[in-house]
Every structure is written in C-alpha cells, then in structure tokens.
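The values are calculated or read from the model by the stated rules, or taken from the named source; none is laboratory data. Keep in mind that this is a model prediction, so the values were computed, not measured. All Cβ positions, even for glycine, are placed from backbone atoms using ideal geometry, and neighbour counts span all protein chains on display.
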Amino acid sequence: MAAEESLTLNTIIRTLAFTGMQRGEALALKWKNIDLTNGTITIEGTRDEISYRTPKTKNSYRTIAIDESLIRLSLCIVWGQDWGNVLSKCRSSLVPQRFIKKVNIFG
C-alpha cells in the first residue's frame, strides 16, 4: 500500500509541476481528459470545496502535452482505477502537507 501511495503521490506532484495546472483544475480532471496514447491532458473544468465549474475564461480550456515519463507514471496508477475523477478531494488535500514534510521545504 505504501508503494502504491508513493507512486500516486509522485504522479500527482509531477503532473502539477510539469503541466502548470492549478489545484482546482487537477481536482476536476477525469480519466477521459487524459489521453495516454497521444500524451495530452485536456482541461475542461475546475473544482473547489463545493462544486465543479467551467473554467473562468476561454483560454483556460486547453490541451497540455505530457512527456513520456509522465505517461508511464500515469499508466501505472490507471490500472485498477474507476473511470471517474483522477484525484479524490481527500487524497489531494494530503498532497501538499506530505510533500512539504517529505522534502523539508521549510526546514
């Protein structure tokens, strides 16, 4: 379980870092928005603590290219998942604190 959680956390952090997505955009991602064959993620919405929304501007709708290493990581976590949301709210809320503690950002 720890290895699976570590892989998922690594994938989430790399996705946010390498794509420039906002937290709300990542929370709104569904597996249908991720095209592992063509190496793209399509942003079609955002999510906060209350609900899903459409992006604020037309430029917020976009397709982002992802590299081969991120595709491979995504393939590892997609196995056994349902085809709803990529991130759950409870899991994503733990990411920043765990990441901060793990890399000791604030000493």
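Considered as a group, the residues in the range 32-54 that are exposed (fewer than 15 other Cβ atoms within 10 Å of the Cβ) and not in a strand (DSSP E or B) include one that is modelled with the lowest pLDDT, and that residue is Glu49. Checking the range 11-21 against the condition returns a match, with at least one residue being at pLDDT 80 or above and not in a helix (DSSP H, G or I). Note on the range 38-64: residues that are over 19 Å from Arg14 (Cβ atoms) and of a type outside the set (D, E, K, R) total 11.
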